[in-house]
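Notes to accompany the following structure.
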Amino acid sequence: MAMNNGTRNASQRIMPLKELIDYKDNAYELCAAVSTRAYQLAILKTPEVEKNFGKVVSLACQELFEKRVDYKFITD
């Protein structure tokens, strides 16, 4: 059942908590990647951001954990 009054459907995930809890790699790298992607999403304001009620940090986490976007650090 879709809701049209600005509230979330029970099946919609806000933040991928299980993935965050189970994350075993470098937490600093994850935080930097999420922060950078959230900034990009805030600037782009795509329909997916609107669908996620403007919650760019949770959307960035979802994208990274679901491998819809990837990141790498460039060192000199």
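Nothing in this text is a laboratory measurement; each read-out follows from the coordinates by a stated rule. This is a predicted model, so every value here is computed, not measured. For neighbour counting, all protein chains shown are included, and Cβ atoms are generated from backbone atoms with ideal geometry for every residue, glycine included.
A dipole drawn for region 17-65 from +1 and -1 charges on Cβ atoms has a positive end, and of Ala27, Val57, Pro47 the residue lying farthest that way is Pro47. Give me the net charge for the shell around Glu29: Cβ to Cβ below 14 angstrom, other residues only, Lys and Arg +1, Asp and Glu -1. So the environment of Glu29 carries a net charge of +1. Measuring between their Cα centroids, region 42-62 and region 25-41 lie 14 Å from each other.
Length available on full extension from Lys67 to Ala32: 0.36 nm per residue minus the Cα-Cα distance, which gives 11.0 nm.
Under a model in which nothing but the beta-carbon of Lys, Arg (+1) and Asp, Glu (-1) is charged, region 17-65 shows a dipole of about 160 debye around its Cα centre. Contact order, relative form, for region 17-65: 38 percent (alpha carbon pairs under 8 Å, 6 or more residues apart, mean separation divided by residue count).
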